[in-house]
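The block underneath contains the structure these notes are about, expressed in structure tokens.
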């Protein structure tokens with residue numbers, strides 16, 4: 001056993017896949033301890049908040065200010081305010097007004113603002129410009145002038161006695177607040193999804209649920225395939241014919257189509273993670289059965305098996321002690337592939353809306369389904385779906401890499 005494990009962990013491919021898979025498992029175990037709570041809790045009011053650190057504005061106004069004069073603060077403020085659409089619109093106004101823009105760099109905020117301040121006149125009527133466009137440029141100019149001229153923002157609160165707003169303080173451009181002094185700060189490494197939920201927290205929980213489904217599906221498929229394959233290969237005769245007939249029938253029917261039909265017949269309320277995993281396992285055992293049967297056929301007439309027969313050992317004992325140990329490595333590899341296939345099958349089912357209940361636990365497939373339904377891929381909210389795709393790819397890649405490494409260790413034809 002020790003020698004076998006030593007050989008396995010000397011395989012670079014197995015070790016590489018094992019490290020990736022172990023890292024994902026550690027993340028799945030450790031992160032909920034750091035950030036506990038319901039992964040489906042809706043913390044955001046709006047949808048698809050961008051990744052980053054969020055600071056409570058209310059608490060920030062109550063925190064102690066420290067005056068600072070940063071040389072590039074004003075430039076950064078203007079750069080952040082002027083969107084790409086605003087810059088293009090400003091260039092459009094210059095062009096319609098007949099101003100030479102041949103040497104203008106649209107990304108050069110200083111040059112763009114200098115040209116705008118020198119040339120823009122709200123009273124100037126550009127030929128062919130609609131009234132809505134004229135009003136847009138006026139609003140843009142007002143915002144720019146306020147941003148450049150206003151040195152303070154006045155804070156006000158309603159007087160309980162008079163009902164009128166009264167000034168309570170001012171925030172200057174040079175006032176800065178230490179983030180550590182703000183009471184409510186939330187770090188969202190992957191932002192929020194369409195329901196305002198923490199995507200990273202949801203993703204970690206989804207990894208655990210999808211792996212559970214994959215393990216359950218792999219266990220069911222491997223157990224059924226191993227049992228039928230051992231019986232068909234060792235007993236042979238009528239038993240072999242019956243088992244192979246059933247196996248061939250299920251092989252002819254595309255397993256994913258069968259999986260869709262079965263899950264569709266189960267109501268949404270009854271489709272928990274365990275049910276989905278079991279159904280996936282019940283529809284993906286055929287290739288394991290055929291492969292195990294072929295392995296057993298090559299072993300059933302070996303000398304040690306014939307000796308057990310002559311000794312009067314029972315069928316169960318012969319199968320468990322004289323045949324199963326010789327195909328154990330193959331069974332482990334089949335199990336790894338079945339787990340990977342189960343995770344991918346769950347993702348495919350959930351994308352079609354046939355996965356586990358959406359209100360109980362998140363899965364990788366459900367996260368993809370939510371992102372697709374709310375058009376995350378068209379509105380630029382990459383954080384809602386790309387990390388999920390990457391996670392599914394990493395899990396499948398690590399499991400298949402481990403399987404390839406095991407195959408190189410136990411398959412004599414692949415050994416160096």
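Just so you know, all these numbers are worked out from the coordinates, no wet-lab data involved. These figures come from a predicted structure and were not determined experimentally. Cβ placement follows ideal geometry from the backbone for every residue including glycine, while neighbour counts extend to all protein chains displayed.
Listed values, structure above:
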{"quantity": "Dimensions in Å of the chain - Rg and Dmax from alpha carbons", "calculated": "32.5, 108"}
{"quantity": "Exposure proxy order (Cβ contacts within 10 Å, fewest to most) of 307, 258", "calculated": "307, 258"}
{"quantity": "Computed helical MRE - 222 nm, the chain, DSSP H runs ≥ 4 contributing -39500 (n - 2.57), nearest 500", "calculated": "-19500 deg cm²/dmol"}
{"quantity": "Footprinting exposure proxy for 330, 264 (fewest neighbouring C-beta atoms within 10 Å first)", "calculated": "264, 330"}
{"quantity": "Taking 187, 410 and counting other C-beta atoms within 10 Å, the order from fewest to most", "calculated": "187, 410"}
{"quantity": "Residue among 253, 101, 280 with the largest mean-square fluctuation in a Gaussian network model of the chain, springs linking Cα atoms under 10 Å", "calculated": "101"}
{"quantity": "Cα pair distances of segment 139-229 binned at 5 Å [whole percent]", "calculated": "2, 9, 7, 8, 9, 10, 13, 8, 6, 5, 4, 4, 4, 3, 3, 2, 1, 0"}
{"quantity": "Contour excess over end-to-end distance, with Cα ends at residue 262 and residue 298 and 0.36 nm allotted per residue", "calculated": "9.4 nm"}
{"quantity": "Cα convex hull of segment 65-176 - mean projected area over all directions, nm²", "calculated": "9.8 nm²"}
{"quantity": "Efficiency of FRET from Cβ geometry, residue 113 and residue 359, R₀ 45 Å, rounded to 0.05", "calculated": "0.35"}
{"quantity": "Simple spin-label estimate for residue 66 and residue 393 in nanometres, 7 Å along Cα-Cβ", "calculated": "4.2 nm"}
{"quantity": "Residue 316-residue 411 pseudo-label distance in nm [points 7 Å out on the Cα-to-Cβ vector]", "calculated": "3.4 nm"}
{"quantity": "P(r) histogram, all alpha-carbon pairs of segment 302-416 included - 10 Å bins from 0, percent", "calculated": "12, 27, 22, 17, 13, 7, 2, 0"}
{"quantity": "Residue of 184, 400, 103 that the Gaussian network model of the chain assigns the largest fluctuation, springs spanning Cα pairs under 10 Å", "calculated": "103"}
{"quantity": "Sites residue 47 and residue 9, calculated FRET efficiency, Cβ-Cβ separation with R0 35 Å, nearest 0.05", "calculated": "0.15"}
{"quantity": "Normalised convex hull volume, segment 1-125, alpha-carbon set, Å³ per residue", "calculated": "324 Å³"}
{"quantity": "Simple spin-label estimate for residue 83 and residue 162 in nanometres, 7 Å along Cα-Cβ", "calculated": "3.9 nm"}
